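Enquirer: This is the structure, below, for whatever I ask next.
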Amino acid sequence: MLTFIWAQDKDGYIGKDNTMPWRLPADLQHFKKETNGHTIVMGRKTYESIGKALPNRENLVLTRDPNYSLADAKVLYDKAEVLEIARDKQVYITGGAEIYRLFLEDADALVVTHVEAYCGGDTIFPEFDWQNWRLVKREDGVRDEKNDLDYWYGWYEKKTHA
Ligand SMILES: NC(=O)c1ccc[n+]([C@@H]2O[C@H](COP(=O)([O-])OP(=O)(O)OC[C@H]3O[C@@H](n4cnc5c(N)ncnc54)[C@H](OP(=O)(O)O)[C@@H]3O)[C@@H](O)[C@H]2O)c1
């Protein structure tokens, strides 16, 4: 089972200067709660922007560099290795844009934080057809002094075409 998890603004921006274009600590907690205890897959650039493996999760990092190695995460070189791992467990694809693009056709479910603002950025979520996805649950984010934007969480499943 392959689940995409990401946060985007109203234009689809997901990144700026190798970090998030907004400050939403509540979304980071949401990410932690969703992925806790599971396997997460990220690109080498996203791993380096975080700077370390995320605790309590199996961290898989994709690179094309055969000499790349990490002490705190498993390095993979091929998409097929991830698909094999996802055959019998829950795997979250956690970005960034290159990695979402790579697995776009393989996603079974989505967990999306919709930031209801125009934040701008330099990295945008790949072109995506929302028509193929059904919103099965939504939850409004709490706006407060630490999370000073409107945002909501959406859980989507893939529509099956008979
Ligand atoms: N808003 C969100 O939810 C969210 C989530 C995650 C990340 N982000 C943001 O996204 C940005 C980073 O995204 P990005 O697209 O620049 O980088 P990325 O997807 O994190 O990493 C790209 C790297 O992945 C490796 N890679 C790509 N395709 C591969 C393949 N087919 N096989 C093996 N390895 C492959 C390559 O590593 P090598 O160059 O080492 O070969 C490539 O340079 C940052 O701004 C980050 O903050 C946002």
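The values are calculated or read from the model by the stated rules, or taken from the named source; none is laboratory data. Bear in mind the structure is a predicted one, so any value in this text is a computation, not a measurement. No Cβ is skipped: glycine too gets one built from the backbone with ideal geometry, and neighbour counts run over all protein chains shown. To get the accessible areas, we keep the full protein, side chains included, count just its heavy atoms, and leave off ligands, DNA and RNA. Shrake-Rupley method; radii C 1.70, N 1.55, O 1.52, S 1.80 Å.
Enquirer: Suppose the Debye formula is applied to equal point scatterers at every Cα of segment 2-158; what is log10 I(q)/I(0) at q = 0.17, 0.19 Å⁻¹?
Expert: Once normalised to I(0) and log-transformed, intensities are -1.03, -1.31.
Enquirer: Defining a contact as two alpha carbons under 8 Å apart and six or more residues distant in sequence, what relative contact order in percent does the chain show?
Expert: Relative contact order comes out at 34 percent.
Enquirer: How much of the accessible area of segment 45-85, probe 1.4 Å, is carbon plus sulfur, in whole percent? Before the final figure, lay out each step's value.
Expert: Values: 1250 of 2510 Å².
Roughly 50 percent, rounded to a whole number.
Enquirer: Show which lysines lie in cross-link reach of LYS52 when reach means a straight Cα distance below 17 angstrom and same-chain residues fewer than eight apart are skipped.
Expert: LYS32, LYS74
Enquirer: Here is a further query. Checking the a/c ratio against 1.5 first, then a/b against b/c, what shape does the Cα gyration tensor give for segment 19-93? Write down the numbers at each step before the final one.
Expert: On the way: a/c = 2.02, a/b = 1.29, b/c = 1.57.
Judged from the Cα gyration tensor, segment 19-93 comes out oblate (a/c at least 1.5, b/c at or above a/b).
Enquirer: Placing unit charges on C-beta atoms (Lys and Arg positive, Asp and Glu negative, everything else neutral), compute the dipole magnitude of the chain about its Cα centre in debye, rounded to 20.
Expert: Numbers: 22 positive and 28 negative charges, 65 e Å.
Roughly 320 debye, rounded to the nearest 20.
Enquirer: So what's the gap between the Cα centers of segment 1-55 and segment 93-162, to the nearest angstrom?
Expert: 11
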